[in-house]
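Below is one structure; the comments refer to it alone.
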Amino acid sequence: MKTHFFAVLLGVSISTLAHAGAYSQIIQVEAGGLECAARAARVSALFASNASVRKLVNVECVNEFEAVGSFGPYRVYSIHVELDADDSFAVSTAEYGTGGLGSGAGSLVGAFSSLDLCLKSRPAEIAAFEQNSGISALFVSCLPERSQLQAGFVLSIVGFGRAKKQLQAFEYAHAYEAQGALSPNQMSWLNQELLALGASVRMNDGRSVLYYAENPITQALTSGGAFIETQQCTDQISEVQQILGQASVRGLVECRQYETRMRMEILTVGSDFSSSEVFGQKYSSYQVCMKYRSVVAARERQKDPEHFLGLVCSPDYVNSGFVHRKFATY
């Protein structure tokens, strides 16, 4: 694939200028067999037809992206639009990618590994955008992600109006450093839970999930400890499930085998949920830690009945003993 001149101008940016009602936007739009000047004229006509736009100040080409894939030559223009509009003017964008570190939908890390995959997914995702947002897709493009570490692509879909549901994203790729990826069981459970909460899941590869919803849905993958002995993890799954039930939290507890450890993973959706190690006490063995768990839990429940949920026994970070990990809601 041959790639030419292209700067980082993904998506739609809207910024207020010197006076109220003035907007500056850079959009990306596929060439459709036209040179940029002719494409810009069509973009200008679309903006001018919007009833909320009072005046077009300037429309000009500022960049272009060109590549060749299995679909043939592909070109996208970046067009800068300056306009004056009333308060009802709105633009909605769906960027099929993430902003990095779980920060939501964005163009830093693309959802597609290649231009061909992005273009192949384009028709179905345009239909999903229009169905979920309630607005028409006017400007569409597949462009390289902004990350300098990978070579993925972002599908960007733009339309006029305020979307009923927006494309949301959550990234699991950085959970537990390089090991962050959901298991097939976790992926299936997550899809079902998001659907139950009214979301429409578009992509879930275990490292990130993209879905349409009115607002971002809280989700997290946390650890209940990394165990050398499998049974120490599996024996406490029911305890953690009860803890989640007490907090009215939708969650899945799973023990997953990594290279040298069995990690207890707690996947939660829809509610904030936190855990932390407490006290300075360290127990010499799993058996001793479990022996005193009920005593310590009763004391903590008495001290903080509003927030305390329960304890599990997990190895400390240097494997020299065990500690009680406290679960609480705040």
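Below, the figures for the structure above:
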item	result
Flag if D116 is touching a residue at least 24 places away in the same chain (Cβ under 8 Å), on the phi < 0 side of the Ramachandran plot and part of a loop (DSSP other than H, G, I, E, B)	no
Those helices (runs of 4 or more DSSP H) lying entirely in segment 179-256 with at least 2 residues without any contact (Cβ under 8 Å) to a residue 12 or more places away in the chain	184-196, 237-246
Qualifying residue in segment 148-170 (condition: surrounded by 15 or more Cβ atoms within 10 Å (Cβ to Cβ), touching a Leu at 6+ places or on another chain (Cβ under 8 Å) and in a loop (DSSP other than H, G, I, E, B))	no
Matching residues, segment 202-234, being surrounded by fewer than 19 Cβ atoms within 10 Å (Cβ to Cβ) and either in contact with a helix residue (DSSP H, G or I) (Cβ under 6 Å, 6 or more places away or on another chain) or of a type in the set (D, E, K, R) (or both)	D205, G206, R207, E214, E229
Residue list for segment 38-60, filter: within 24 Å of L119 (Cα to Cα) and either open to solvent by 20 Å² or more (accessible area, probe 1.4 Å) or in contact with an Asp or Glu (Cβ under 8 Å, 6 or more places away or on another chain) (or both)	A38, R39, A40, R42, L46
Qualifying positions in segment 277-321 - touching a residue at least 40 places away in the same chain (Cβ under 8 Å), open to solvent by 20 Å² or more (accessible area, probe 1.4 Å) and over 23 Å from T260 (Cα atoms)	V278, F279, Q281
Hits in segment 71-93 - residues which are without any contact (Cβ under 8 Å) to a residue 12 or more places away in the chain and touching a Ser or Thr at 6+ places or on another chain (Cβ under 7 Å)	none
Per-region count, segment 19-49, residues part of a strand (DSSP E or B) and small (G, A, S)	2
Near pairs, Cβ below 7 angstrom, 6+ apart or cross-chain, from segment 54-69 (closer than 24 Å to P144 by Cα) to any residue that is among the polar types (S, T, N, Q)	V59/S44; V62/S78; N63/S78; E64/S78; A67/T3
Residue satisfying condition, being modelled with pLDDT of 90 or more and under 24 Å from A105 (Cβ atoms), within set V57, V12, V29	V29
Any hit, segment 245-256, residues being among the hydrophobic types (A, V, I, L, M, F, W, C) and out of contact with any helix residue (DSSP H, G or I) (no Cβ under 6 Å at 6 or more places or on another chain)	yes
Boolean, V76 is touching a helix residue (DSSP H, G or I) at 6+ places or on another chain (Cβ under 8 Å), at pLDDT 95 or above and buried (at least 19 other Cβ atoms within 10 Å of the Cβ)	no
Positions within segment 169-219 being modelled with pLDDT under 90 and over 11 Å from the mean Cα position of the chain (by Cα), in sequence order	H174, A175, Y176, E177, A178, Q179, G180, A181
Whichever residue in segment 107-140 is over 18 Å from the mean Cα position of the chain (by Cα) and of a type in the set (V, I, T) and, among such residues, is surrounded by the fewest Cβ atoms within 10 Å (Cβ to Cβ)	I126
Residues (over 22 Å from Y211 (Cα atoms) and either in contact (Cβ under 8 Å) with a residue 12 or more places away in the chain or open to solvent by less than 20 Å² (accessible area, probe 1.4 Å) (or both)) located in segment 257-271	Q257, Y258, T260, R261, M262, R263, M264, E265
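The values are calculated or read from the model by the stated rules, or taken from the named source; none is laboratory data. These numbers were taken from a predicted model, which means no experiment stands behind them. Methodologically, a virtual Cβ is constructed for each residue, glycine included, from the backbone with ideal geometry; neighbour enumeration extends over all protein chains shown. Heads up: the accessible areas ignore ligands, DNA and RNA and are worked out on the full protein's heavy atoms, side chains in. Shrake-Rupley method; radii C 1.70, N 1.55, O 1.52, S 1.80 Å.
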